[in-house]
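The values are calculated or read from the model by the stated rules, or taken from the named source; none is laboratory data. Bear in mind that the values here come from a model prediction, so they are computed numbers and not experimental data. All Cβ positions, glycine included, derive from the backbone under ideal geometry; neighbour counts span all protein chains shown. Please note that ligands, DNA and RNA were not included when accessible areas were found on the heavy atoms of the full protein model with its side chains. Shrake-Rupley method; radii C 1.70, N 1.55, O 1.52, S 1.80 Å.
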Amino acid sequence: MGSSGVQSNGSNGGDGLKNEFHPENRFPETRTGSHPYRKAVGEIITCKAAVVWGTGEPFVIEEIEVDPPQKMEVRIRILFTSICHTDLSAWKGENEAHNIYPRIFGHEASGVVESVGEGVTDLREGDHVVTIFTGECGECAYCKSEKTNLCETYRVNPLKNTMTGDGKTRFFTASQRQPIYHFLNTSTFSEYTVLDSACVVKIHHNAPLHKMCLLSCGVSTGVGAAWNTADVKEGSTVAVFGLGAVGLAVVEGARVRGASRIIGVDTNSEKSTKAKEIGVTEFVNPREHSKPVHEVISSMTKGGVDYSFECVGTVDVLREAFSSTHDGWGITVVLGIHNSPQLLPMHPMELFNGRRIVGSVFGDVKGKTQLPDMVHKYMDGSLKVDGLITHELPFEEINMALQLLAEGKSLRCVLRL
């Protein structure tokens, strides 16, 4: 997949990177009302978490109990977490099948391994890690296949709300030991969380954890879609529909791959400045044109772009993204989360014109074997993610962070636990 593709890299040493401990990786200092990093191997930990008790209700910072990890599980101390639109959608209850409470949301995070359960051999106490919502066991037919990043056992399942091993939770209220449900294999809005080891990725010890949390979802999804799913070629043309964090990560991936033109499409013109800083060469606001945006892009590119990426999650935008690609070879990658019931907005015969459409989960990145290479590319300066972090807040202000995202005022707000 080229020099800027995602490569397997399990080594954290002898790589030529500077051997400097990043100052942001220090453990939280002891302060009133907080729970600093500590070892409590085999014990229940009492800590703070942001618990949601009902659809759309505010996050409540309260004390919970976190059980020890069981077989093939890992308990980690979360140091940084960020809020993704998937968290926002789930909190709003946009899909009723996902609604179960009380629950701990969150899936983008970085931290340190506190303890490991029986059978875990690739992780140990003190490892610096990021969480991933779609795991990689490394043993099943899916994990061994080069054609997919899905895992037979640990793939993402929005309906799942307990641990894989025994179907139980590891979170409980501190007062009455009432179960608190999990979210997307991760539940990172907590000072401590328990995950299947397949959903925990060891990264370079010197990588800045406050930035690496974005690789848990947004950055890996967008960059991976450009590198893996579409395999963007040097000199090609790209259109990105929706310039949130995932869309801008696609832009970054296309920039690294050497795309000659990257057209950013969004109904909010205020996003154009940030988008151009990251790599967009031309910005289009559909509301400022009298004809459909696919016609605008076709005129700009003499027939359409080579690759389009739909990062919004609405069928009307998907239709425009598909129609914006060049017939004969255009590829549309679907990244937006579409609520049910929704159907593809096209006739099957349209595919006979040579355009293709494909979905992408986590950018087709195999988390445990390929994500560390993204970390290395960040550390050597070839991959840039800093511009996606627009706000940083203490964990206690998680409701403010959610509001900033809902109002379109932030790309990623990093919460420090």
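For (1) closer than 18 Å to Cys217 by Cα; (2) open to solvent by 30 Å² or more (accessible area, probe 1.4 Å); (3) among the β-branched types (Val, Ile, Thr), each residue gets a yes or a no:
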| residue | (1), (2), (3) |
| --- | --- |
| Ser236 | no, no, no |
| Ala239 | no, no, no |
| Ala245 | yes, no, no |
| Ile263 | no, no, yes |
| Asn268 | no, yes, no |
| Lys276 | no, yes, no |
| Phe283 | no, yes, no |
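Taking every residue in the range 384-411 that is of a type in the set (Val, Ile, Thr) and pairing it with any residue that is open to solvent by 30 Å² or more (accessible area, probe 1.4 Å) and in a helix (DSSP H, G or I), at least 6 positions away or on another chain, the pairs with Cβ-Cβ distances below 9 Å are Val385/Lys211; Val385/Tyr378; Ile389/Lys211; Thr390/Lys274. Filtered by the rule that a residue be under 21 Å from the mean Cα position of the chain (by Cα) and over 17 Å from Leu405 (Cβ atoms), the range 243-264 gives Val250, Val251, Glu252, Gly253, Ala254, Arg255, Val256, Arg257, Gly264.
Taking the criterion of being open to solvent by 20 Å² or more (accessible area, probe 1.4 Å), touching a helix residue (DSSP H, G or I) at 6+ places or on another chain (Cβ under 9 Å) and closer than 30 Å to Lys144 by Cα, the residues of the range 378-417 that qualify are Tyr378, Ser382, Lys384.
Taken together, the criteria exclude Gly126 from residues that are modelled with pLDDT under 95, among the small types (Gly, Ala, Ser) and open to solvent by less than 40 Å² (accessible area, probe 1.4 Å).
For the range 301-315, a tally of residues being more than 24 Å from the chain's Cα centre (by Cα) and surrounded by fewer than 17 Cβ atoms within 10 Å (Cβ to Cβ) returns 2. Here is a check on your reading of the model: is Phe59 more than 28 Å from Asp166 (Cβ to Cβ), modelled with pLDDT of 95 or more and open to solvent by less than 70 Å² (accessible area, probe 1.4 Å)? No: the conditions fail for Phe59. For the range 163-173, the tally of residues that are of a type in the set (D, E, K, R) and open to solvent by 40 Å² or more (accessible area, probe 1.4 Å) stands at 2. Among the residues of the range 249-256, are any among the hydrophobic types (A, V, I, L, M, F, W, C), touching a helix residue (DSSP H, G or I) at 6+ places or on another chain (Cβ under 9 Å) and surrounded by fewer than 24 Cβ atoms within 10 Å (Cβ to Cβ)? Yes, that holds for at least one residue. Does the range 338-351 contain any residue that is surrounded by 21 or more Cβ atoms within 10 Å (Cβ to Cβ), assigned by the TED database to the domain that holds Ala239 and not acidic (Asp, Glu)? No, because not a single residue in the range 338-351 is surrounded by 21 or more Cβ atoms within 10 Å (Cβ to Cβ), assigned by the TED database to the domain that holds Ala239 and not acidic (Asp, Glu). Of all the residues that make up the range 174-196, how many are open to solvent by 10 Å² or more (accessible area, probe 1.4 Å) and among the hydroxyl-bearing types (Ser, Thr, Tyr)? The qualifying residues number 2.
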